[in-house]
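To start, the structure itself, in structure tokens.
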């Protein structure tokens, strides 16, 4: 890509990446804090309670994704990006200061409204300013912030959870309010395609693409269930399997490092071969590698298998996002992203609940990863069956990389 004297697509990617890092951190840090929650004085939380609280943010994401996706196509990418970022940062302050489990759950739900809205907004903006041949890759660079946020959550938990408790970990989620929000207000441009294209949400149905929306929602459901189920319960499952806290959190770190590699590598392949088969194959790899986690292995090999599982689950969710974004035209791209990812958030809410139920019922590592492997198979089938759009609306032809993006309003 040519380096530009004005505001290049890399500026949009960079701001989106930073927002998604905090988005990923704020979501994944809950799983890192799970080992400390049962010991909180006066709370008396059971595994089922912990799983339920973990799901509240994800239910908020369902509402936030669907609402923000449509509002992004109506009001603009820039406004919704800044609004969602400021909202979830402020709500994380409430999460950090929550005096009881009830308020912890309420603030997690409210933060989830912003968590859900940031992704479809940022994805639409990045895809619309990226070169045609690198849309998936630049989108993946931006979305790689999510597992990077997970890595940061794991690293900080390893070093800070035992000496300082979970509140400090949650408190880091407030930082975007005083750092990234001012930068975005100053530097973030609006998408040139949004400024030229207007459509209605009913175009999704009028063009007969309901089947593709449904199948993308199923693929997202499976992907999100894997991401949030594994990130919430993998440390505790590994502890139950006999690992100490440091080693158990190390598996969470390996999962998210694998997610970064898988998201970038898979998206580069998707630009060349298409998102359909890359997403499908990665779901299959996830099923196999998750099954292998239940087999006792030497330390290094165990971490490697978990990293592969992360590449094919956490990383594949990045590929699926790009698959959706490049499948639809600009006029309702964010609406489709919000709708399919919003419905898919039911999987994000289900993952922690399913893990909590299985742990509370006394099932160990093998049963848990077996359930996650079965979900991966369903995701593979849904990704493979998405039909191509037979008819498209007539938005303007997507331009090549503009010489200069418009100045921020």
For residue 249, which of the numbered conditions (1) farther than 16 Å from residue 384 by Cα; (2) surrounded by 24 or more Cβ atoms within 10 Å (Cβ to Cβ); (3) within 19 Å of the chain's Cα centre (by Cα) fails to hold?
(3)
Any residue at all in the stretch 256-270 that's more than 20 Å from residue 137 (Cα to Cα) and either part of a helix (DSSP H, G or I) or at pLDDT 80 or above (or both)?
no
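Being out of contact with any strand residue (DSSP E or B) (no Cβ under 6 Å at 6 or more places or on another chain), assigned to a helix (DSSP H, G or I) and more than 19 Å from residue 15 (Cα to Cα) is true for just one of 111, 86. Which residue is that? Spell out the reasoning first.
Working: 86 fails: more than 19 Å from residue 15 (Cα to Cα).
Every option except 111 fails the conditions.
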The stretch 1-18 residues that are more than 21 Å from residue 120 (Cβ to Cβ), paired with ones that are modelled with pLDDT under 90 and assigned to a loop (DSSP other than H, G, I, E, B) (beta carbon under 6 Å, 6 or more apart)
6/404; 7/189; 7/405
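If you go through the stretch 289-303, how many residues are over 16 Å from residue 227 (Cα atoms) and either part of a helix (DSSP H, G or I) or at pLDDT 95 or above (or both)? Steps first, answer last, please.
Going residue by residue through the stretch 289-303, those that are over 16 Å from residue 227 (Cα atoms) are 292, 294-303.
Next, from what is left, pick out any that are either part of a helix (DSSP H, G or I) or at pLDDT 95 or above (or both): 292, 299-303.
Of the residues in the stretch 289-303, 6 are over 16 Å from residue 227 (Cα atoms) and either part of a helix (DSSP H, G or I) or at pLDDT 95 or above (or both).
Filter the stretch 127-140 for residues that are in a helix (DSSP H, G or I) and more than 13 Å from the chain's Cα centre (by Cα) and give the result.
Residues of the stretch 127-140 in a helix (DSSP H, G or I): 127-129, 132-140.
If the condition is that a residue be in a helix (DSSP H, G or I) and more than 13 Å from the chain's Cα centre (by Cα), then 127, 128, 129, 132, 133, 134, 135, 136, 137, 138 are the ones that fit.
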Is one or more of the residues making up the stretch 176-187 surrounded by fewer than 24 Cβ atoms within 10 Å (Cβ to Cβ), under 30 Å from residue 323 (Cβ atoms), at pLDDT 90 or above and more than 21 Å from the chain's Cα centre (by Cα)?
yes
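Residues being within 15 Å of residue 354 (Cα to Cα) and in a helix (DSSP H, G or I): count how many of those fall in the stretch 35-54.
First, pick out the residues of the stretch 35-54 that are within 15 Å of residue 354 (Cα to Cα): 46-54.
Cutting the leftovers down to in a helix (DSSP H, G or I) gives us 47-54.
Count: 8.
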If residue 90 satisfies every condition in (1) more than 16 Å from the chain's Cα centre (by Cα); (2) modelled with pLDDT of 90 or more; (3) crowded, with 21+ Cβ neighbours inside 10 Å but one, which is the exception?
(3)
Flag for residue 67 being touching a residue at least 12 places away in the same chain (Cβ under 8 Å), out of contact with any helix residue (DSSP H, G or I) (no Cβ under 6 Å at 6 or more places or on another chain), under 30 Å from residue 355 (Cα atoms) and not in a loop (DSSP other than H, G, I, E, B):
yes
Whether any residue in the stretch 267-284 is buried (at least 22 other Cβ atoms within 10 Å of the Cβ), in contact with a helix residue (DSSP H, G or I) (Cβ under 9 Å, 6 or more places away or on another chain) and either without any contact (Cβ under 8 Å) to a residue 60 or more places away in the chain or farther than 24 Å from residue 217 by Cβ (or both) is what I want to check.
yes
Check on residue 36, touching a helix residue (DSSP H, G or I) at 6+ places or on another chain (Cβ under 8 Å), closer than 22 Å to residue 256 by Cβ, surrounded by fewer than 20 Cβ atoms within 10 Å (Cβ to Cβ) and touching a residue at least 40 places away in the same chain (Cβ under 8 Å):
yes
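I'd like to verify a number: residues in the stretch 340-367 that are surrounded by fewer than 24 Cβ atoms within 10 Å (Cβ to Cβ) and under 22 Å from the mean Cα position of the chain (by Cα), how many? Talk me through it step by step, then tell me what you get.
Filtering the stretch 340-367 for residues surrounded by fewer than 24 Cβ atoms within 10 Å (Cβ to Cβ) gives 343, 346, 350, 353-354, 357-367.
Keeping just the survivors that are under 22 Å from the mean Cα position of the chain (by Cα) gives 343, 346, 350, 353-354.
Residues flagged as surrounded by fewer than 24 Cβ atoms within 10 Å (Cβ to Cβ) and under 22 Å from the mean Cα position of the chain (by Cα) within the stretch 340-367 amount to 5.
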Residue that is farthest from residue 249 (Cα to Cα) [pool: residues in the stretch 285-312 that are surrounded by fewer than 21 Cβ atoms within 10 Å (Cβ to Cβ) and touching a residue at least 60 places away in the same chain (Cβ under 8 Å)]
288
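Looking for whichever is over 23 Å from residue 38 (Cβ atoms), in a helix (DSSP H, G or I) and either modelled with pLDDT under 90 or over 14 Å from the mean Cα position of the chain (by Cα) (or both) here; the options are 57, 124, 96. Which one fits?
Values: 57 fails: over 23 Å from residue 38 (Cβ atoms); 96 fails: over 23 Å from residue 38 (Cβ atoms).
Exactly one residue qualifies, and that residue is 124.
The values are calculated or read from the model by the stated rules, or taken from the named source; none is laboratory data. In this text the structure is predicted, and so the values were computed from the model without any measurement. Backbone-built Cβ (ideal geometry, glycine too); neighbour counts: all protein chains shown.
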